[in-house]
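*Asks:* A single structure is presented below for examination.
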Amino acid sequence: ATKLPGFELTGLNVEYGHYLGGIINQFLSGGNDKTDFISSHGHTIFHQPEQRFTLQIGDGASLAAETGLTVVCDFRSGDVALGGQGAPLVPIGDRILFSEYDYCVNIGGIANISFEENNQRIAFDICPANQLLNKLCEGHNPDFDKDGLSARAGNISTELLNRLNEFSYYNSRTAGPKSLGNEHIAECFFPLLSSSAVSQEDKLRTCTEHIVEKISETINHGNSSVQKVLLTGGGAFNKFLVEVLKEKTHHEIILPSEEIIKFKEALVFAFLGVLRMRNEINILKSVTGASRDSVGGATFTP
């Protein structure tokens, strides 16, 4: 999609909106309780806040027309227009819904973190995560490293690890605001993986080490006391990755219920929609670097 001409990308945006609407209609036909509105993240195609634009497709008007429900979507654009990163957006939910944890770490395609510092919520993307591991498993069956078994069988390539660590994003040691775009990962990391001559298992082991190092550096920095770390996202199911992470940090790594691991971000985006419908702040400048806090999200009525 990142290489489509504007005409085709516009069409895909609308088509995907109608597609999402159809999927939601199927879900709601199962006898669920009354639905007030839909809160839609969309699918990120471009995210370049330094260029002052971001794009998540899944047209809200098409989604509203297909479902007959009010839709809240496009949460990031307003913040980017205010000079912010437009990401991450989950920290407002971390602050209000998961306040008992010192750190909230989500290991999805990208690993990110959220925490309180000097009475402000701080959050940022740490490093690419499952995007690297899944890229290495493309064309394999299964197309992911279940439980990290292949990584466990591999060895760390010091050369590849050093090259991964050279990514310019890591030169900024400040705690946010900063975010990673999918296109940056594809441009900077994927060529390193494809050009490396080490085995598949060694690549997976090395990428796992890279992910764990970056997360542990972040949560260990400046904290000698034991902190509670909530771990969610698909990476929380990677038993080997979690095992290595526990070895690298002195903090208490907490795995919540499977539902929270899988659906925490979806839950928080629904909460973002609630705040938008109430016209309450749902995007924090301390997280994104925008000129002010804002009420993010475009609304479409059927």
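*Asks:* Check off (1) within 19 Å of the chain's Cα centre (by Cα); (2) open to solvent by 40 Å² or more (accessible area, probe 1.4 Å) for Phe167 and give me the number that stays unchecked.
*Replies:* Looking at each condition in turn, Phe167 falls short on (2).
*Asks:* On to the next question. Check Leu245, Leu230, Leu255 and return the single one that is touching a Cys at 6+ places or on another chain (Cβ under 7 Å) and over 21 Å from Thr35 (Cα atoms).
*Replies:* Among Leu245, Leu230, Leu255, only Leu230 is touching a Cys at 6+ places or on another chain (Cβ under 7 Å) and over 21 Å from Thr35 (Cα atoms).
*Asks:* What pairs can you find where one residue is in the stretch 135-161 and under 18 Å from Ala236 (Cα atoms), the other is open to solvent by 100 Å² or more (accessible area, probe 1.4 Å) and modelled with pLDDT of 95 or more, and their Cβ atoms are less than 7 Å apart, with a gap of 6+ or different chains?
*Replies:* From residues that are under 18 Å from Ala236 (Cα atoms), the pairs are Asp147/Lys239; Gly148/Lys239.
*Asks:* Is it true that some residue in the stretch 30-51 is over 22 Å from the mean Cα position of the chain (by Cα), open to solvent by 40 Å² or more (accessible area, probe 1.4 Å) and farther than 19 Å from Gly273 by Cβ?
*Replies:* Scanning the stretch 30-51, I find at least one residue that is over 22 Å from the mean Cα position of the chain (by Cα), open to solvent by 40 Å² or more (accessible area, probe 1.4 Å) and farther than 19 Å from Gly273 by Cβ, so the answer is yes.
*Asks:* Please give the number of the condition Ser195 fails out of (1) closer than 16 Å to Ile126 by Cβ; (2) of a type in the set (Ser, Thr, Tyr); (3) open to solvent by 30 Å² or more (accessible area, probe 1.4 Å).
*Replies:* All conditions pass for Ser195, except number (1).
*Asks:* Suppose we keep only residues that are in contact (Cβ under 8 Å) with a residue 60 or more places away in the chain and open to solvent by less than 30 Å² (accessible area, probe 1.4 Å) within the stretch 53-68. Which one would you say is nearest to the chain's Cα centre (by Cα)?
*Replies:* It comes out as Gly60.
*Asks:* Could I ask something else about it? Ile185 versus (1) open to solvent by less than 20 Å² (accessible area, probe 1.4 Å); (2) farther than 21 Å from Ser114 by Cβ; (3) at pLDDT below 95: which is the lone unmet condition?
*Replies:* (2)
*Asks:* OK, next. How do the pairs read when you match residues in the stretch 95-121 that are free of Cβ contacts under 8 Å to residues at least 40 places away in the same chain with residues anywhere that are open to solvent by 30 Å² or more (accessible area, probe 1.4 Å) and basic (Lys, Arg), using Cβ under 9 Å and keeping only pairs 6 or more apart or on different chains?
*Replies:* If the second residue must be open to solvent by 30 Å² or more (accessible area, probe 1.4 Å) and basic (Lys, Arg), the pairs left are Glu116/Arg95.
*Asks:* Within the stretch 107-120, can you find the residues that are over 23 Å from Leu204 (Cα atoms) and open to solvent by less than 10 Å² (accessible area, probe 1.4 Å)? Give the derivation first.
*Replies:* Taking the stretch 107-120 first, the residues over 23 Å from Leu204 (Cα atoms) are 114-120.
Scanning the stretch 107-120 gives a single hit, Ser114.
*Asks:* Conditions first: (1) touching a helix residue (DSSP H, G or I) at 6+ places or on another chain (Cβ under 7 Å); (2) buried (at least 21 other Cβ atoms within 10 Å of the Cβ). Phe124 passes all but one, so which condition is the exception?
*Replies:* If we test Phe124 against (1) touching a helix residue (DSSP H, G or I) at 6+ places or on another chain (Cβ under 7 Å); (2) buried (at least 21 other Cβ atoms within 10 Å of the Cβ), just (1) comes out false.
*Asks:* Right, here's the next one. Taking Phe27, is it assigned to a helix (DSSP H, G or I) and either touching a His at 6+ places or on another chain (Cβ under 6 Å) or modelled with pLDDT under 95 (or both)? Give the derivation first.
*Replies:* On the way: assigned to a helix (DSSP H, G or I): yes; either touching a His at 6+ places or on another chain (Cβ under 6 Å) or modelled with pLDDT under 95 (or both): yes.
Here the answer is yes, as Phe27 does meet what is asked.
*Asks:* Looking at the stretch 248-260 only, could you name the residues that are farther than 22 Å from His210 by Cβ and either without any contact (Cβ under 8 Å) to a residue 40 or more places away in the chain or buried (at least 19 other Cβ atoms within 10 Å of the Cβ) (or both)?
*Replies:* Filtering the stretch 248-260 for residues farther than 22 Å from His210 by Cβ gives 252, 254, 256-260.
The answer is Glu252, Pro256, Ser257, Glu258, Glu259, Ile260.
*Asks:* For Val72, all conditions in the list (1) touching a residue at least 60 places away in the same chain (Cβ under 8 Å); (2) under 22 Å from Gly233 (Cα atoms); (3) part of a strand (DSSP E or B) hold save one; what is the number of the exception?
*Replies:* (2)
*Asks:* Evaluate the following for Thr218: is it assigned to a helix (DSSP H, G or I) and either open to solvent by 20 Å² or more (accessible area, probe 1.4 Å) or out of contact with any helix residue (DSSP H, G or I) (no Cβ under 8 Å at 6 or more places or on another chain) (or both)? Give the derivation first.
*Replies:* Values: assigned to a helix (DSSP H, G or I): yes; either open to solvent by 20 Å² or more (accessible area, probe 1.4 Å) or out of contact with any helix residue (DSSP H, G or I) (no Cβ under 8 Å at 6 or more places or on another chain) (or both): yes.
So Thr218 fits the description; yes.
*Asks:* Could we say that Leu245 is over 17 Å from the mean Cα position of the chain (by Cα) and either surrounded by fewer than 20 Cβ atoms within 10 Å (Cβ to Cβ) or assigned to a helix (DSSP H, G or I) (or both) here?
*Replies:* Yes: the conditions hold for Leu245.
*Asks:* Looking only at the stretch 265-299, which residues are open to solvent by less than 10 Å² (accessible area, probe 1.4 Å) and modelled with pLDDT under 95?
*Replies:* Val287, Thr288
*Asks:* Now a separate question. State which residue is most open to solvent (accessible area, probe 1.4 Å) when the search covers only the stretch 225-242 and only residues that are among the polar types (S, T, N, Q) and touching a residue at least 40 places away in the same chain (Cβ under 8 Å).
*Replies:* Restricting attention to the stretch 225-242, the residues satisfying the condition of being among the polar types (S, T, N, Q) are 225, 227, 232, 238.
Retained after the next criterion (residues that are touching a residue at least 40 places away in the same chain (Cβ under 8 Å)): 227, 232, 238.
Numbers: Gln227: 32, Thr232: 1, Asn238: 15 Å².
Top of the filtered list is Gln227.
The values are calculated or read from the model by the stated rules, or taken from the named source; none is laboratory data. The structure displayed is predicted, hence computed values, not measured ones. We place every Cβ from the backbone using ideal geometry, glycine too, and count neighbours over all the protein chains shown. We work out accessible area using only protein heavy atoms, side chains counted, and drop any ligands, DNA or RNA first. Shrake-Rupley method; radii C 1.70, N 1.55, O 1.52, S 1.80 Å.
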